[in-house]
Amino acid sequence: MTDRATEVALFRYALIREAADPKLSNAERGRLVRDLAAGAHVGPGGIEVRVGRSTVDEWIRAWRKGGFEALKPKPRASSPKVPRHVLDLAEALKRENPARTAAQVCQVLAVAVGWAPNPRTVQRHFHRIGMTRASLAAGKAVAFGRFEAKRPNELWVGDALHGPIIGAHKAILFAFLDDHSRLFTGYRWVTAEDTLRAEAALRVGLASRGVPDAVYLDNGSPFVSHQLLRACASLGVRMIHSRPGRPEGRGKIERVFRTVRDQFLVEVTHSEIGSVARLNELFAAWAESVYHHATHSETNMTPLERFATGATLRYPTAAQLHEAFLWSETRTVTKTATVSLFSNTYEVDAALVGRKVELVFDPFDLTDIEVRWSGRPMGAAVAVTIGRHVHPQARLEPGGAPPPPATGIDYLHLVESRADAELERRISYSSMPGDDQPTIPGADWQHIGPARRAGDHDKDDNSNEDNEELSR
């Protein structure tokens, strides 16, 4: 503050020095003061300022009366309007609960002490002392330690990776990673991000690597479906979802996805890949022969070696897998003992009228529906009206299956050739008597087609001889 006051006093003195000369007449001094007030001057800190004539006269009088010290600005002696103990209580209320706004703090103060300042005053005070909501929240940040499953198949982490454009479609990788060994347990490249395709990747992993104790997923739409929850519950797998904004525990699969980008996807651009099916073949070859056999920097073992060191794994039977990945929907049976499912109408047991039943089905075959009530099978639903044969999500991957090899058989051309040959055999013009045939210059009767002769016959209905020849 002292340096600042001295700097201001020096600026003022330099400005009025010439006009404050006592040897000047009033007219001369007035002319100099007017010139000073009309121009702009570089003030303290390099800021351009303008000074009014009355201000210049005031500074001249102050210098004559008190010298250089009188040109220094006087310190402010105003006392705060809000008592200190009220501001201290406001700070304590804000620290107690950072979610409290300045307006809410003032309401609490009004009840506690009987008076409260303006909320804007309290808000400016909080900002001045650095007590913002962001700074208070940062002070309560939680440090998370590194987590790792203790054995294989204790925990799988699932996620989706968006990849390149393959055959005019964006390829998406659904993958499940064993948290202990960093092994790819299930994976599949698809062209749509939905539950059905996430289940396809999980089903492959369950069949080949066993059943995990739990799967850890984010809150994306493919992973929050009740169909996926039913599949996990059927096999005794606990499904865990990360909380929004707190993705701890997902660092391993994010790191593996970076490896996929750096080692696999970077080479995809140099290969001719026309379909997602081909991409799956190449990815399986890379994962099983390269990634699973590379020593991990943290475990100092390959994913395949570390996965094999675990206890005995639990594998599902074919029947258990089939039951787990059946889909189900709940419907109320109408008074006519029918239910509706995806534009289809089915007839069920009349004893279920008015009850809520579970319809269990394969999403790729809506003609075979099993009815269950209270967990008990109640027979099959008989299709009455079928408007859709597969679930709306059950779409085949583009280019998933290569077209069958061409046989080279042109059926319609063969039919035409056989018809012409049959007609030539039934009407053999070469066997007709030559003496009775008329002689037409330039005509070759052996090569006139059946349609031409039939046309001639239609034009000459009165010729009995021609009719007899044609009938023969």
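For residue 213, indicate whether it is of a type outside the set (Gly, Ala, Ser) and crowded, with 17+ Cβ neighbours inside 10 Å. Even if it seems obvious, please write down each step before you answer.
On the way: of a type outside the set (Gly, Ala, Ser): yes; crowded, with 17+ Cβ neighbours inside 10 Å: no.
Against the criterion (of a type outside the set (Gly, Ala, Ser) and crowded, with 17+ Cβ neighbours inside 10 Å), residue 213 does not qualify.
Residues checked against (1) loosely packed, with under 13 Cβ neighbours inside 10 Å; (2) under 29 Å from the mean Cα position of the chain (by Cα):
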| residue | (1), (2) |
| --- | --- |
| 260 | no, yes |
| 264 | no, yes |
| 285 | yes, yes |
| 335 | yes, no |
| 346 | no, no |
| 358 | no, no |
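I'm told residue 250 meets every condition in (1) closer than 22 Å to residue 206 by Cβ; (2) surrounded by fewer than 17 Cβ atoms within 10 Å (Cβ to Cβ); (3) of a type outside the set (A, V, I, L, M) except one. Can you identify the failing condition by its number?
Against the list (1) closer than 22 Å to residue 206 by Cβ; (2) surrounded by fewer than 17 Cβ atoms within 10 Å (Cβ to Cβ); (3) of a type outside the set (A, V, I, L, M), residue 250 comes up short only on (2).
Please name all residue pairs, on different chains or six or more residues apart, with Cβ atoms under 9 Å, provided the first residue is in region 103-128 and is in a loop (DSSP other than H, G, I, E, B) and modelled with pLDDT under 90 and the second residue is among the polar types (S, T, N, Q) and surrounded by 12 or more Cβ atoms within 10 Å (Cβ to Cβ).
If the second residue must be among the polar types (S, T, N, Q) and surrounded by 12 or more Cβ atoms within 10 Å (Cβ to Cβ), the pairs left are 116/107.
Residues of region 204-246 being outside any strand (DSSP E or B), closer than 15 Å to residue 313 by Cα and either without any contact (Cβ under 8 Å) to a residue 24 or more places away in the chain or among the small types (Gly, Ala, Ser) (or both), which ones? Don't jump to the end; show me each part of the working.
Taking region 204-246 first, the residues outside any strand (DSSP E or B) are 204-213, 218-237, 242, 244-245.
Applying the additional criterion that residues be closer than 15 Å to residue 313 by Cα yields 205-213, 235-237.
Result: 205, 207, 208, 210, 236.
Tell me whether region 288-298 contains one or more residues that are closer than 25 Å to residue 194 by Cα, surrounded by fewer than 16 Cβ atoms within 10 Å (Cβ to Cβ) and small (Gly, Ala, Ser).
Going through region 288-298, the residues closer than 25 Å to residue 194 by Cα turn out to be none.
Within region 288-298, not a single residue is closer than 25 Å to residue 194 by Cα, surrounded by fewer than 16 Cβ atoms within 10 Å (Cβ to Cβ) and small (Gly, Ala, Ser).
Is one or more of the residues making up region 75-96 more than 60 Å from the chain's Cα centre (by Cα), surrounded by 17 or more Cβ atoms within 10 Å (Cβ to Cβ) and in contact (Cβ under 8 Å) with a residue 12 or more places away in the chain?
no
Does region 49-67 hold any residues that are exposed (fewer than 13 other Cβ atoms within 10 Å of the Cβ), in a helix (DSSP H, G or I) and in contact (Cβ under 8 Å) with a residue 12 or more places away in the chain, and which are they?
Passing the criteria: only 64.
The values are calculated or read from the model by the stated rules, or taken from the named source; none is laboratory data. Remember, it's a predicted structure, so these values are computed and weren't measured experimentally. So basically every Cβ, Gly included, is an ideal-geometry build from the backbone, and we count neighbours across all protein chains shown.
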